[in-house]
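The values are calculated or read from the model by the stated rules, or taken from the named source; none is laboratory data. Source: prediction; values computed, not measured. Cβ placement follows ideal geometry from the backbone for every residue including glycine, while neighbour counts extend to all protein chains displayed. In case anyone asks, the SASA skips ligands and DNA or RNA and just uses the protein heavy atoms, side chains included. Shrake-Rupley method; radii C 1.70, N 1.55, O 1.52, S 1.80 Å.
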Amino acid sequence: FASPQAYRCWIGGDNYGMGLNAGHYIGEKLKDKPDARVVELAGLDNLELTKQRTQGFDDALKNYPNIKKVARQAADFTVESGQAKMAQLLQAQSEIDALWNHDDDQGVGALRAIEQAGRDEFLMVGGAGALSAFEAIKADNGVLKATVLYPPTMAASAIDLARALGQGKGVGGLAEFEIPASLTLYSAVVDKENVDQYMSTGFK
């Protein structure tokens, strides 16, 4: 017997929330710096998720009148594109205070470009939750200071929902007997203070 609800169950990440939380993290770090300059290394612009991440970032920065986004480049979520597009950003901007990079995989390339350029005057926030990003944040010996999660645990949570559906159970703590038709997972900010808590969830 297949439940008619099964095909409707959806679980996903909060792309707008990723941008919003990245923007607020950077904003709080730079709120006392006059004329702070921020750049954004986005993902593929033809994807709705990229647009949502940028919108959240821009909305957050509106709360910090001292901060201006001076440049944005779109990469394609690969190491190679991250390196190439970050090199272009660094060549065009002689001084920046913060970078938000949408994706930790392309962030590997971005960090290579930053190292090659010998630049370390800014802080970097990543996105997605790669183990390599967590390790760099924990080491705290470079520009990468935080990442905003696109929770890598979504697949496991989907399996848990499917199991509950199959067993006719609801979700613990909720009053409803049925499981939700959709769940949007919170995009937490991971920095040096809480990185140990998330280390086991990092993807390679």
TODO: Say whether the condition of being within 16 Å of Thr50 (Cα to Cα) and among the small types (Gly, Ala, Ser) is met by at least one residue in segment 94-108.
DONE: yes
Task: Selection within segment 190-204 - in contact with a helix residue (DSSP H, G or I) (Cβ under 9 Å, 6 or more places away or on another chain), of a type outside the set (Ser, Thr, Tyr) and over 10 Å from Thr153 (Cα atoms) - done: Val190, Asp191, Lys192, Val195, Asp196, Met199, Lys204
Open item on the list: Taking the criterion of being among the small types (Gly, Ala, Ser), farther than 20 Å from Val148 by Cα and in contact with a helix residue (DSSP H, G or I) (Cβ under 9 Å, 6 or more places away or on another chain), would at least one residue in segment 97-117 satisfy it?
Closed with: yes
- [ ] Select from segment 34-48 the residues that are out of contact with any strand residue (DSSP E or B) (no Cβ under 8 Å at 6 or more places or on another chain) and not in a helix (DSSP H, G or I) and write down the one among them that is farthest from Asp104 (Cα to Cα).
- [x] Pro34
TODO: Quickly run through segment 173-199 and pick out the residues that are surrounded by 14 or more Cβ atoms within 10 Å (Cβ to Cβ) and charged (D, E, K, R).
DONE: Glu178, Asp191
TODO: Filter segment 96-126 for residues that are more than 20 Å from Phe57 (Cα to Cα) and not aliphatic (A, V, I, L, M) and give the result.
DONE: Gly109, Arg112, Glu115, Gln116, Gly118, Arg119, Asp120, Glu121
Open item on the list: Among the residues of segment 38-58, are any over 16 Å from the mean Cα position of the chain (by Cα), basic (Lys, Arg) and modelled with pLDDT of 95 or more?
Closed with: no
TODO: Return yes when Val195 is in contact with a strand residue (DSSP E or B) (Cβ under 7 Å, 6 or more places away or on another chain) and touching a residue at least 40 places away in the same chain (Cβ under 8 Å) and no when it is not.
DONE: no
- [ ] Report yes if some residue within segment 21-28 is open to solvent by 20 Å² or more (accessible area, probe 1.4 Å), closer than 20 Å to Gln106 by Cβ and not basic (Lys, Arg); otherwise report no.
- [x] yes
Open item on the list: Just to verify a result, which residue in segment 152-204, among those that are of a type in the set (Val, Ile, Thr) and in a loop (DSSP other than H, G, I, E, B), is modelled with the lowest pLDDT?
Closed with: Thr153
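Table: residues versus (1) among the charged types (D, E, K, R); (2) out of contact with any Pro (no Cβ under 9 Å at 6 or more places or on another chain); (3) touching a residue at least 60 places away in the same chain (Cβ under 8 Å); (4) more than 30 Å from Gly168 (Cβ to Cβ).
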{"residue": "Asn15", "(1), (2), (3), (4)": "no, yes, yes, yes"}
{"residue": "Tyr25", "(1), (2), (3), (4)": "no, yes, yes, yes"}
{"residue": "Asp35", "(1), (2), (3), (4)": "yes, yes, no, yes"}
{"residue": "Val70", "(1), (2), (3), (4)": "no, yes, no, yes"}
{"residue": "Gln91", "(1), (2), (3), (4)": "no, yes, no, yes"}
{"residue": "Asp105", "(1), (2), (3), (4)": "yes, yes, no, yes"}
{"residue": "Arg112", "(1), (2), (3), (4)": "yes, yes, no, yes"}
